[in-house]
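The values are calculated or read from the model by the stated rules, or taken from the named source; none is laboratory data. Not measured: the values here are computed from a predicted model. For neighbour counting, all protein chains shown are included, and Cβ atoms are generated from backbone atoms with ideal geometry for every residue, glycine included. These area figures cover heavy atoms from the full protein model, side chains too; ligands, DNA and RNA do not enter into them. Shrake-Rupley method; radii C 1.70, N 1.55, O 1.52, S 1.80 Å.
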Amino acid sequence: MPPTNLKFAPIAPVLSLRERLTLVRQQSLKPPPKLNLVEWADEYRYLSKEASARPGKWTTATVEAARGPMMAYSDPDVRIVTIQCATQFMKTEFLLNIMGYHIHQDPAPMIAIQPGIREAEAFSKDRVKPMLRDSPVLAAIMPPTKTRDGGDTILHKQFPSGHITFVGANAPSGLAMRPVRVVLCDEINKYPKSAGKEGDPVSLIAERMATFWNSKLVHVCSPTIEGDSRITDEYEAGDQRVFEPPCPFCGHREEMKWSHVKWEGRNAKTAYYECQGCKQPWDDVTRRRAIESTRFLPSLGWRATKEFNGHASFRVSKLASPWEPLSKIVQKFLNAGSNPERLKTFVNTQLAETWKQSGDAPEWKRLYDRRETYAINSVPEGVRVLMCGVDIQKDYIACEIVGFGRDAESWSIDYRNFSGKPADNEGSPTSPWRELEKVLNEEWRHPSGARLRVRMMAVDSQYETQTVLRWVRRQSAERVIAIRGEERYPQAIGAPRAVEVHLRGRKKPRGAKQWPVGTNILKNEIYSFLKQEKPTEESKEKLPYGFCHFPQYNEAYFRGITAEQIVPKVIRGYTKFEWTKVYDRNEPLDCRVYASALRVLGGYDRMTPQQWTELEVGLGLADASEGVIVNADSAPDPDDGTPRDPAPPVPAKGSRRIKLVDPVGHWNDGYTSRDRD
Ligand SMILES: [Zn+2]
């Protein structure tokens, strides 16, 4: 019989004798730890050269804003610590300090959770291993060469009276392991909604901890979109502390906000922080003095804005980093320009704030009224590449051919519905799949004379999955992909996953590829683009980034592309914002989402001007020797007597090859059409 003073969670597996002895030691026999986390880190922690710009002894005073969260961790009344923070600022070192502290001072079973198993391995190898090597007290406990009965692997490290296990939030087996006392959740916004079929990973983890009276749960991450950010939910569930360094001139204390940062014109070098008490400017030295002075305050500079309930939650931006010059932060903001996706990244990663969506859909009537006069199914001059997004419905297939140009400008070329049940008669000459194949073979004439084909096609495989996968396998792997929309996927499009496909009655495991597409991210982007106003002719301003052009489609199309809205829903006490249909036929939006994912996959959202010029040379729009773009606006008038260059030759059918940009290397993963059968 196990000792009666142990309480096991009902789901806990039977423990080995050694594990039980470990638990007994931890729960009853251990003297209380001597140092708090700050004292321990200042005494024993060393930063590694691989991971830190300032390797050597850790000094909390150099990252003063970390002192509050670290002291909170050592407070016996605190069960949960949440830090909603900027990227590259304190969060990883915070987790590492906690690990080192427990290995050396207060042994405990620990689990460190990353979004996926690959991130967990990388964290263990790239961050934890160097810490163990470079901090002498830890190296003495866990020498790098030590191998004890398999106790030291990348994902599981044992030390006397404790262990640390690294898991991915997507693996329920990892989360449902033996009880743990310390749970460190990194990057929680990237966790899947459900770990396998087991449910919300964060709730699964909380169940693991029920066994220990002195358990600690830590969440760290930078935020994402308002209403869809786990770290923000956790921050709001805690006592919501904000960092308020006192003004060295007047003693005024207020949370450091972006609105207090001032600069002249577009000159980041003029940036300063303005005290809201005395309006004195703080240069970087003054700002650092203000931040460093918080260690002498009883509150350590933090003010809780809600009642404490055992959960200490912190929010801190890059403005509280003494190492980040203000001019550098302002420059990042200026670089983001008016690009909503880059601005969102700035707000999330630098300011540690959620990105606020304006919740309403763009108005369909406004888009309908500003339709343009280019013919449906013709390619306007600004188009550089054609993509096709395909949505599979029960009785028909919908597709949109979209032309993309520089600065994410887009032209809807044609929107088509092919009637016929996609599931039936895959091989039949009247099936809608034949129509889709015709789209792949179709050619459009660019005003330069070049002939364009659809560069890539993305087919939704959520519905009629097997039919879609089989059809996609028969097409060119370089042009046609099967995608799967996932609301919370953290990127526009991710790396493909191998999935099972059923062929001629046989199941072929990993026989097809499915590409995850982050639908929330793309819908946000598309709606921010659709809301862009066209500048008036007098203003002579450039079209805004991502401007969308449409031909004379009917009303149903515009109702369809604006068919969804973000609406608040209260789930388990939290307000969540979810995309909800306000118009039933939302396929135009879905098709645009998939075509936009291809724009990202092809790298067209991050091409350099040089790469654009190369692409334009291929279209006959630019001179290969000089890289000068000749277009309708800059070409001399034919009647002004200036000699003209000969018109670019009209290429033979299929002879123009538009170079595909592949900055992420997705195409070189060894998956060719030969692998398809
Ligand atoms: Zn002041």
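Does any residue of segment 207-226 turn out to be without any contact (Cβ under 8 Å) to a residue 12 or more places away in the chain, among the hydroxyl-bearing types (Ser, Thr, Tyr) and more than 16 Å from the ligand (Cβ to nearest atom)? There is no residue in segment 207-226 that is without any contact (Cβ under 8 Å) to a residue 12 or more places away in the chain, among the hydroxyl-bearing types (Ser, Thr, Tyr) and more than 16 Å from the ligand (Cβ to nearest atom). Among residues of segment 270-314 being aromatic (Phe, Trp, Tyr) and under 30 Å from ILE80 (Cβ atoms), the one that is nearest to the chain's Cα centre (by Cα) is PHE314. Give segment 238-251 a look and list any residue that's away from the ligand (no atom under 16 Å from the Cβ), open to solvent by 30 Å² or more (accessible area, probe 1.4 Å) and not basic (Lys, Arg), or say none. Answer for segment 238-251, where residues must be away from the ligand (no atom under 16 Å from the Cβ), open to solvent by 30 Å² or more (accessible area, probe 1.4 Å) and not basic (Lys, Arg): just GLN240.
Restricting the search to segment 500-558, which residues are closer than 30 Å to TYR368 by Cβ and acidic (Asp, Glu)?
GLU525, GLU533, GLU537, GLU538, GLU541, GLU555 - these are the residues of segment 500-558 that are closer than 30 Å to TYR368 by Cβ and acidic (Asp, Glu).
In summary, LEU17 fulfils each of the numbered conditions (1) at pLDDT 70 or above; (2) open to solvent by 50 Å² or more (accessible area, probe 1.4 Å) with the single exception of condition (1). What are the pairs, 6+ residues apart or on separate chains, where a residue within segment 323-345 that is closer than 15 Å to THR87 by Cα has its Cβ under 7 Å from a residue that is in a loop (DSSP other than H, G, I, E, B) and open to solvent by less than 20 Å² (accessible area, probe 1.4 Å)? Taking only residues 6 or more apart or on different chains, the pairs are ILE329/GLN350; LYS332/GLN350. PHE550 fulfils the conditions (1) modelled with pLDDT of 95 or more; (2) under 23 Å from the mean Cα position of the chain (by Cα) except for a single criterion, (2).
One line per residue, one yes/no per condition, for (1) within 24 Å of GLU207 (Cα to Cα); (2) open to solvent by less than 10 Å² (accessible area, probe 1.4 Å); (3) among the β-branched types (Val, Ile, Thr):
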| site | (1), (2), (3) |
| --- | --- |
| GLU50 | no, no, no |
| TRP58 | no, no, no |
| ALA65 | no, yes, no |
| PRO69 | yes, yes, no |
| LEU95 | yes, yes, no |
| ALA122 | no, no, no |
| MET131 | no, yes, no |
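The set of residues in segment 380-403 being among the hydrophobic types (A, V, I, L, M, F, W, C) and open to solvent by 10 Å² or more (accessible area, probe 1.4 Å) is empty. Pairs please, first residue from segment 428-444 and farther than 19 Å from VAL379 by Cα, second anywhere and assigned to a helix (DSSP H, G or I) and among the hydroxyl-bearing types (Ser, Thr, Tyr), Cβ atoms under 9 Å, 6+ apart in sequence or on different chains. Once the first residue is farther than 19 Å from VAL379 by Cα and sits in segment 428-444, its partners that are assigned to a helix (DSSP H, G or I) and among the hydroxyl-bearing types (Ser, Thr, Tyr) give TRP433/THR467. Quick check on segment 252-273. Is at least one of its residues on the phi > 0 side of the Ramachandran plot, within 16 Å of the ligand (Cβ to nearest atom) and in a loop (DSSP other than H, G, I, E, B)? No: segment 252-273 contains no residue that is on the phi > 0 side of the Ramachandran plot, within 16 Å of the ligand (Cβ to nearest atom) and in a loop (DSSP other than H, G, I, E, B). Scanning segment 97-120 for residues that are touching a helix residue (DSSP H, G or I) at 6+ places or on another chain (Cβ under 7 Å), part of a helix (DSSP H, G or I) and open to solvent by 30 Å² or more (accessible area, probe 1.4 Å) gives a single hit, HIS104.
Considering only residues that are open to solvent by 30 Å² or more (accessible area, probe 1.4 Å) and either more than 28 Å from LEU343 (Cβ to Cβ) or at pLDDT 80 or above (or both), which ones fall in segment 193-233? Answer for segment 193-233, where residues must be open to solvent by 30 Å² or more (accessible area, probe 1.4 Å) and either more than 28 Å from LEU343 (Cβ to Cβ) or at pLDDT 80 or above (or both): SER194, GLY196, LYS197, GLU198, ASP200, SER203, ALA206, GLU207, ALA210, TRP213, ASN214, THR224. For segment 307-319, filtered to residues that are open to solvent by 70 Å² or more (accessible area, probe 1.4 Å) and not aromatic (Phe, Trp, Tyr), the residue that is farthest from PHE333 (Cα to Cα) is ASN309. Within segment 253-276, residues that are closer than 28 Å to PRO298 by Cβ and hydroxyl-bearing (Ser, Thr, Tyr) have Cβ atoms under 6 Å from residues that are in a strand (DSSP E or B) and away from the ligand (no atom under 13 Å from the Cβ) in these pairs: TYR273/VAL261, counting only partners at least 6 apart in sequence or on another chain. Among the conditions (1) within 23 Å of the chain's Cα centre (by Cα); (2) modelled with pLDDT of 90 or more, the only one that GLY560 does not satisfy is (1). Can you confirm whether ILE376 is in a strand (DSSP E or B), closer than 20 Å to GLN552 by Cβ and of a type in the set (A, V, I, L, M, F, W, C)? When the stated conditions are applied, ILE376 does not pass them. Any residue in segment 505-516 that is farther than 27 Å from ALA563 by Cβ and assigned to a helix (DSSP H, G or I)? Taking every residue of segment 505-516 in turn, none turns out to be farther than 27 Å from ALA563 by Cβ and assigned to a helix (DSSP H, G or I).
The condition of being closer than 18 Å to SER596 by Cβ, in contact with a strand residue (DSSP E or B) (Cβ under 9 Å, 6 or more places away or on another chain) and not hydroxyl-bearing (Ser, Thr, Tyr) holds for VAL439.
Among the residues of this structure, PRO509 counts as one that is out of contact with any helix residue (DSSP H, G or I) (no Cβ under 6 Å at 6 or more places or on another chain) and either open to solvent by 70 Å² or more (accessible area, probe 1.4 Å) or hydrophobic (A, V, I, L, M, F, W, C) (or both).
Within segment 279-306, restricting attention to residues that are in a strand (DSSP E or B) and within 15 Å of the ligand (Cβ to nearest atom), the residue that is least open to solvent (accessible area, probe 1.4 Å) is TRP282.
Only residues that are free of Cβ contacts under 8 Å to residues at least 40 places away in the same chain and open to solvent by less than 30 Å² (accessible area, probe 1.4 Å) were counted across segment 482-498, and they come to 2.
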